[in-house]
Amino acid sequence: MSQKSKMFLSGVVEGFYGRPWTMSQRKELFRREQKWGLNAYLYAPKDDYKHRMYWRDLYSPEEAEQLMTLISAARERNVEFIYAISPGLDITFSNPKEVAALKRKLSQVCGLGCRSFALLFDDIETEMCPADKEAFSSFAEAQVSVTNELFLHLDEPHTFLFCPTDYCAAFCSPSVPQSAYLKTVGEKLNAGIDILWTGPKVVSQHISVASIDEVSAVLRRPPVIWDNIHANDYDPQRLFLGPFKNRPTELLPKLRGVLTNPNCEFEPNFVAIHTLATWCSYGQKDVSMDGDDQGSDYNPHEALRLALSDWLVEFGRADQPDGAGGGRSKRQASDEEPMQTDGYTPGPRDNPLYTAEPLTLDDLTLLSELFYLPYEHGATAVLMLQELQWLRREDSEREEWRRRAEKFDDMCAAVVQMFNRLSNVPNRIILYDLYNYICDIKSGVTMAKAYVKTLGETRSSRTPLRCYKFTVNHGFTGIIRMLPSHGIHDLFRSPPATRVYTIRPCTPRDQPEVLKIFKEMQIETQQKVELVGDRLVEGHVTPSQSCSLILDDAAGVCGYVFALNDAAGFPVGHGHSDPLQRSKGVFSEFRSNDRRMFDFLKTLDVFQVLKVEGLPTNLVIMGTKL
């Protein structure tokens, strides 16, 4: 079947780590997908143990009945149900019994009415067992062989997805065009099988047309984007309520589909899925979410406004959790909100009855801007961070400081008001998914407000400010860390770009960035003493196999590790480390004033400062025995 004759897949991946969604939540998802024009659902919850850990086990009669009901519910909403299985943790590719177990499992699901499938090899070790090394020339060939066999076994289903182990550009060595793994997949994987791809990184800030052209050329087909821009399973302290963005609509004709893998919490994904649907609608001529003209191109801010407007309506529905199963219990539209008392009317000297303020679109906009996207805060969050940073200055004019402190106080009050209104919404199901997050943000701004008040009192009295220690678990990234909780070295002027890091093998192209970091650290220490580590970084000594690693963040290389399996023959500690070289363990030497290295190794707990007789005073060795 040609790629042109295939339907563009648009929808949702339930592919996160953590508690899977309930049956009723999935059925609600299908309803929303149909309403918004999406057409696909990929069933791949990492914590469904028969999807991943115990993939060989067949479903019990009760489980099979539930799965059949879910497949039927998706079909009724014109949503393509794609069943994924993830055998990569422990499969022996060359063992016919293992392949037979996969066929048996997928045949069972096929018998339940499923017609679309996916085979996932993400987040697994790449080292093959001895039996597979004898049977296959590479890891990619092993995966492709089994995938092709399953595809034919299922009579070449209309939709069959393959998730490679190198599923983003950051994992490809040395690059996407030169990746031997991707080249094998592109050349040998059956042309009827589509390939999942997350973009430049696991969580991609941007996905460009050029990057998709590049990977499509290697894969010999357009990819299906598995988009993690709203995923939060890697950081349970964060929630993402910003719009689908930084993916130009010019990508649409170059892709086989886009599936969002969103927040673990079901209800907050209203925004992620709604804005994805708006984005996808630009691939269909004269089609929009509301049937209106949306202009020449997708506008994420307008898409967010539309999503939040529709979500506001959902907050007003009187939904309650229905027992332990997480179902819904909806009051009829004609039902009135319950009275607080049976006809009680307070007297003239009594407290008036409490009346909850209704939630507004401005409240939801504020909520979204405080919990925006992995790589950026919303406009209000950025402003609050900037104002708090400015208020900490000691050289500001008194009247301007007072005016801006009042402005910051008003912003904090708006957050507390948003919390109070959210706490009283009729739809308790949405509230319960948000509650921990909004509690933390309320606590954060309340402490920030108190801190600014203390700053004002200090300015008036001209007395030094004590450094109070606040402890808060979650909340608005940036606000808490700008309070004096960890000392001035832990404060920053702008929000952190990301908390997503990639550890990968070092390649020759990394050398300039590694040397740049190395020289910055040398400038900090200002001690002219040569270490074995210096020689490793500068290339005078070759690291042991698999002992040269690079740490990447959103901006690029931010750290490195080079090591030797055997230090014998190297003058560690300037020749004063013979006892170390005769023992089995792990150790690192560094300059005595390298505080950054000392603090880092101390956080690992297992490393201790080693006493080495005759060691120069300007050197420190930390290590642990194995």
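Worth pointing out:
- Check on Val209, touching an Asp or Glu at 6+ places or on another chain (Cβ under 7 Å), among the aliphatic types (A, V, I, L, M), over 20 Å from Tyr41 (Cα atoms) and open to solvent by 10 Å² or more (accessible area, probe 1.4 Å): yes
- Filter pass, Tyr501 being within 25 Å of Ala555 (Cα to Cα), among the aromatic types (Phe, Trp, Tyr), at pLDDT below 85 and open to solvent by 60 Å² or more (accessible area, probe 1.4 Å): yes
- Every condition in (1) at pLDDT below 50; (2) in contact with a strand residue (DSSP E or B) (Cβ under 7 Å, 6 or more places away or on another chain) holds for Cys506 except the one numbered (1).
- Residue check, Gly88 of a type in the set (Gly, Ala, Ser), over 31 Å from the mean Cα position of the chain (by Cα), under 30 Å from Met7 (Cβ atoms) and not in a helix (DSSP H, G or I): no
- Selection status of Pro426, surrounded by 15 or more Cβ atoms within 10 Å (Cβ to Cβ), modelled with pLDDT of 90 or more, over 22 Å from Val445 (Cα atoms) and not aliphatic (A, V, I, L, M): yes
- Identity of the residue in region 579-626, under 31 Å from the mean Cα position of the chain (by Cα) and among the acidic types (Asp, Glu), that ends up modelled with the lowest pLDDT: Asp605
- Yes/no for Asp233 being crowded, with 23+ Cβ neighbours inside 10 Å and either of a type in the set (Asp, Glu) or without any contact (Cβ under 8 Å) to a residue 12 or more places away in the chain (or both): no
- Complete set of residues in region 589-626 that are of a type in the set (Ser, Thr, Tyr), surrounded by 11 or more Cβ atoms within 10 Å (Cβ to Cβ) and farther than 20 Å from Asp566 by Cβ: Ser592
- Thr126 being more than 25 Å from Val79 (Cβ to Cβ) and free of Cβ contacts under 8 Å to residues at least 60 places away in the same chain: yes
- Selection from region 230-269 of residues that are β-branched (Val, Ile, Thr) and within 22 Å of Phe121 (Cβ to Cβ): Val258, Thr260
- Near pairs, Cβ below 6 angstrom, 6+ apart or cross-chain, from region 62-84 (farther than 15 Å from Asp48 by Cα) to any residue that is of a type in the set (Asp, Glu) and at pLDDT 95 or above: Val79/Glu33
- Selection within region 357-375 - closer than 27 Å to Asp553 by Cα and either part of a helix (DSSP H, G or I) or not aromatic (Phe, Trp, Tyr) (or both): Leu367, Ser368, Glu369, Leu370, Leu373, Pro374
- Among residues of region 156-176 that are touching a residue at least 40 places away in the same chain (Cβ under 8 Å) and farther than 22 Å from Leu259 by Cα, those with a Cβ under 9 angstrom from a residue that is open to solvent by less than 30 Å² (accessible area, probe 1.4 Å) and β-branched (Val, Ile, Thr), sequence gap 6+ or separate chain, pair up as Ser173/Thr507; Pro174/Thr507.
- Residues located in region 346-365, provided they are within 15 Å of Val416 (Cβ to Cβ) and open to solvent by 50 Å² or more (accessible area, probe 1.4 Å): Glu357, Asp362
- Test result for Gly343, small (Gly, Ala, Ser) and open to solvent by less than 60 Å² (accessible area, probe 1.4 Å): no
- Residue match in region 52-74 (condition: surrounded by 19 or more Cβ atoms within 10 Å (Cβ to Cβ), of a type outside the set (A, V, I, L, M, F, W, C) and in contact with a strand residue (DSSP E or B) (Cβ under 7 Å, 6 or more places away or on another chain)): no
- Residue pairs meeting the criteria (Cβ under 9 Å; at least 6 apart or on separate chains; first on the phi > 0 side of the Ramachandran plot, in region 203-220; second open to solvent by less than 20 Å² (accessible area, probe 1.4 Å) and assigned to a loop (DSSP other than H, G, I, E, B)): Arg220/Leu189
- Enumeration of residues in region 237-262 that are of a type outside the set (Ser, Thr, Tyr) and free of Cβ contacts under 8 Å to residues at least 60 places away in the same chain: Phe244, Asn246, Arg247, Pro248, Glu250, Leu251, Pro253, Lys254
- Residues in region 376-393 that are open to solvent by 30 Å² or more (accessible area, probe 1.4 Å) and in a loop (DSSP other than H, G, I, E, B): Arg392, Arg393.
- Among the candidates Leu241, Leu219, Leu182, Leu196, the residue that is at pLDDT 95 or above, open to solvent by less than 30 Å² (accessible area, probe 1.4 Å) and more than 24 Å from the chain's Cα centre (by Cα) is uniquely Leu219.
- Checking Tyr167 against (1) farther than 27 Å from Tyr41 by Cα; (2) open to solvent by 10 Å² or more (accessible area, probe 1.4 Å); (3) in contact with a Ser or Thr (Cβ under 6 Å, 6 or more places away or on another chain), the condition it does not meet: (1)
- Residue within region 19-26 that is buried (at least 21 other Cβ atoms within 10 Å of the Cβ), within 30 Å of Gln237 (Cα to Cα) and out of contact with any helix residue (DSSP H, G or I) (no Cβ under 9 Å at 6 or more places or on another chain) present: no
The values are calculated or read from the model by the stated rules, or taken from the named source; none is laboratory data. For clarity, every value in this text was computed on a predicted model and none was experimentally measured. So basically every Cβ, Gly included, is an ideal-geometry build from the backbone, and we count neighbours across all protein chains shown. For the accessible areas, the whole protein counts, side chains as well, though only heavy atoms, and no ligand, DNA or RNA atoms are used. Shrake-Rupley method; radii C 1.70, N 1.55, O 1.52, S 1.80 Å.
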